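Here is the structure we will look at.
We did not get these values from a lab; they are worked out from the coordinates using the rules stated. In this text, all values refer to a predicted model and were calculated from it rather than measured experimentally. Here the Cβ positions follow ideal geometry from the backbone for every residue, glycine too, while neighbour counts run over all protein chains shown.
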Amino acid sequence: MNTILKQRFSVSFEYPVCFSEDIFNQENKLFASLFEKGRKCKTFFIIDSGVAQHHKSLSDKIQQYSEANSDSFFLCADPLIVPGGEACKNDASFYQKVVEATHIHGIDRHSYIVAIGGGAVLDMVGFAAAISHRGIRLIRVPTTVLSQNDSGVGVKNSVNSFGKKNYLGTFTTPVAVINDFNFLKTLDDRDWRGGISEAIKVALIKDLSFFEWLEQHAAQLASRSLEPMKEQIMRCAQMHMDHIAGKDPFEMGSSRPLDFGHWAAHKLEHLSSYRVRHGEAVAIGIALDSTYSYLKGWIAKEDLDRVIVLLQNLGFSLYEPELSGENLIKGLREFQEHLGGQLTIMLLERLGKGVEVHEMDHAMIEEAVKMLKDWNQEAISKS
């Protein structure tokens, strides 16, 4: 005789995504307000080495801020500095150092870990926090355009393993996200530009008016004007949050609308040994999948030209040598494995509206790559 007991329950998640400047200025009480009320909360900071290098007084400011707000939180140790970029996700020793710190300093489920850095550091620290004590409270402080408008506001965290991007990870919500626009001022041009590709991505599949806004403000964004960058970040973050709050926030199915342009991007990052940064790879992936959509007859040549011109006006490359050959096609199979189940790729039905497909023509992908290579060479020859 078989007996089956059915369990069913639901859990509601809620967390603030905040936008501010100079969050560790003692007159700015936003950060201190995020901790559990009525307790002095044990807190441990992990800081991206690139952020620490460009903001040399940051650790001292955090210490002074904690002393001024000692009724809310206290530091259990000096901040841990870790490498930024994919280096911290490729080497397991870094997330293990964070886990070890939770053991050494007695950081428990009622303590807080604060991650300050780009998307890779937030991914790695989030993973370490999620697997320690089955989940330590995490506050994210994204410091790049890409992490402020996309990865930092979501529910994913991960590290790389077996030569595959984001192979190990969890879906875990942060306690809060604080986007401090001051950190953007010290970004190099590549990281300033890189995150805009995620805005183009979400605009192309969801909102034509946002794409048109990006076209209109491309020159200002490329010249590092902060005010349009702030607006881009807030609009893009809101669109990502709205999508996450929809029907599949933890990606139980095979559909990944927000991964438009990403199947090729993830493979390109790995093939280039991460010489090509994530935002740059996404820009190339967007160009590739938009060109493929044109070759399928779904978008007009005029619309494809708008996508290509916008990417070029922002300073993105359209091609890298690693795109050529059979290795890129392997990225499709790896992407399917990452999704689980059916291959599902987001393409363009028209500008502002995506369409999902479950197979791609390899010869057409190669044709699209050749077109990108020709356009890129033409742009280089004109420069």
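In the chain, a dipole from Cβ-located charges (positive for Lys and Arg, negative for Asp and Glu) runs towards its positive end, and of ASN179, TYR167, HIS110 it is HIS110 whose Cα lies farthest in that direction.
The value of relative contact order for the range 36-156, using C-alpha pairs under 8 Å at least six residues apart, is 28 percent.
If a/c stays under 1.5 just call it rounded; otherwise compare a/b with b/c (prolate if a/b is bigger, oblate if not). Do that for the range 222-323, with a ≥ b ≥ c from the square roots of the Cα gyration tensor eigenvalues. Present the calculation step by step, with values, prior to reporting the outcome.
On the way: a/c = 1.28, a/b = 1.11, b/c = 1.16.
Cα axes put the range 222-323 in the rounded bin.
Rounded to the nearest 20 debye, the dipole size of the range 17-186 about its Cα centre is 460 debye, using +1 on the Cβ of Lys and Arg and -1 on the Cβ of Asp and Glu.
Bin all alpha-carbon pair distances of the chain at 20 Å intervals from 0 and give each bin's fraction as a whole percent. Per 20 Å bin, starting at 0, the Cα pair percentages come out as 28, 56, 15, 0.
How would ASP180, ASP48 line up from fewest to most surrounding beta-carbon atoms within 10 angstrom?
Details: ASP180 21, ASP48 31.
With the fewest neighbours first, ASP180, ASP48 line up as ASP180, ASP48.
Taking amide H positions as modeled 1.01 Å from N, with prolines and chain starts lacking one, no residue 5 or more places away or on another chain lies under 5 Å from SER324.
Residues whose amide H lies under 5 Å from that of PHE73, counting only those 5 or more places away or on a different chain, are CYS41; hydrogens are built 1.01 Å from N in the peptide plane. Counting only alpha carbon atoms, the long axis of helix 301-313 and the longest principal axis of the chain meet at about 50°.
Phi angles across the range 85-90 convert, under the Karplus curve 6.51 cos²θ - 1.76 cosθ + 1.60 with θ = phi - 60°, into 3J(HN,Hα) values of x, 5, 4, 6, 9, 7 Hz, Gly and Pro given as x.
Axis of helix 226-244 versus longest Cα principal axis of the chain: the two differ by about 90°, to the nearest ten degrees.
So what is log10(I(q)/I(0)) for the range 293-383 at q = 0.15, 0.24 1/Å, when the Debye sum runs over its Cα atoms only? Taken in order of the listed q values, log10 I(q)/I(0) reads -0.68, -1.37. Extending 7 Å from Cα along the Cβ direction at ASP242 and again at GLN26 yields two label points whose distance is 4.2 nm. Partners of LYS330 within straight-line reach, counting lysines whose Cα lies under 18 Å from its Cα and excluding those fewer than 8 residues away in the same chain: LYS164, LYS165, LYS267, LYS370.
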